[in-house]
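Only one structure is covered here, and it is reproduced in the block below.
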Amino acid sequence: MTTPCGPGSGQRPTAQHAAQHPGQQTGQHPSQNNHPQQPPRETWISVAVELGRLLDRQLGQALTPFDLSVGQFMALDHIMNSPGINRASLARRLQITPQAAGGLSRQLVEKGLLHREVAERGLPIALTVTEAGRRKHADAAPAVEALSTNLLLRCVRPGAVAQMDGAFRHVLIRLSEVHDGPER
């Protein structure tokens, strides 16, 4: 025989009982609970991937008037900041495969925005932005900066935008570090 728990019983319910009979501690039936059950929380990695997709989509929309894809703009941006970078280094910076970096550089060369310096046999090809590439980047950069600022302002107060920007950069740098084995 089970001893009743809850209001008026004089006994305190155990954690197991409370989990099996939600609402009895308050005298409410579970259907009368004022707090709807929250869906299970996603892992932070799932949230980060969703955030990346959201940012990619919004950045893509911001870059449409400039006839640039997100990857093309990011490649231009990295190459402008590291003139002479090779495809393998660009791939590491963009978190893509060397083949994808090769495809992006080919697209940018075809648009006249990038120049590939032919190196001696066995040496990597150096990538540099052309004058047309600098102009295209200069045209698109304010739209990217405005999107960046507006998105951050939806999350933090104006004075914290620079800190949030720095925090994102720190996380990217730390998670991009190469490790030989599992973390302990």
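At 7 Å along Cα-to-Cβ for each site, give me the label-to-label distance between T64 and W44 in nm.
Each label point lies 7 Å from its Cα, and together they span 3.4 nm.
So for region 68-176, what percent of the C-alpha to C-alpha distances run longer than 24 Å?
Working: 1947 of 5886 pairs.
Above the 24 Å cut-off, region 68-176 has 33 percent of its Cα pairs.
So how far apart, in nm, are the two label points at E131 and R157 if each is 7 Å from Cα heading toward Cβ?
Inter-label distance under the simple model: 4.8 nm.
Quick check: pseudo-label points 7 Å beyond the Cα along Cα→Cβ at F168 and L123, how many nm apart are they?
Distance between label points: 3.7 nm.
May I ask you to order 68-80, 96-108 by the average number of other C-beta atoms within 10 Å around their residues, highest value first? Provide the component values of the computation, followed by the final result.
Numbers: 68-80: 21.1, 96-108: 17.3.
With the highest mean Cβ count within 10 Å placed first, the list reads 68-80, 96-108.
Express the relative contact order of region 68-176 as a whole percentage, based on alpha carbon pairs under 8 Å and six or more residues apart in sequence.
Worked out over region 68-176, it gives 22 percent.
Counting Lys and Arg as +1 and Asp and Glu as -1, each charge on the Cβ, what is the dipole of region 68-176 about the Cα centre in debye, to the nearest 20? Numbers along the way, then the final one.
Values: 14 positive and 8 negative charges, 48 e Å.
About 220 debye.
Every number in this text was worked out from the coordinates using simple rules, so none of it is lab data. Remember, it's a predicted structure, so these values are computed and weren't measured experimentally. All Cβ positions, glycine included, derive from the backbone under ideal geometry; neighbour counts span all protein chains shown.
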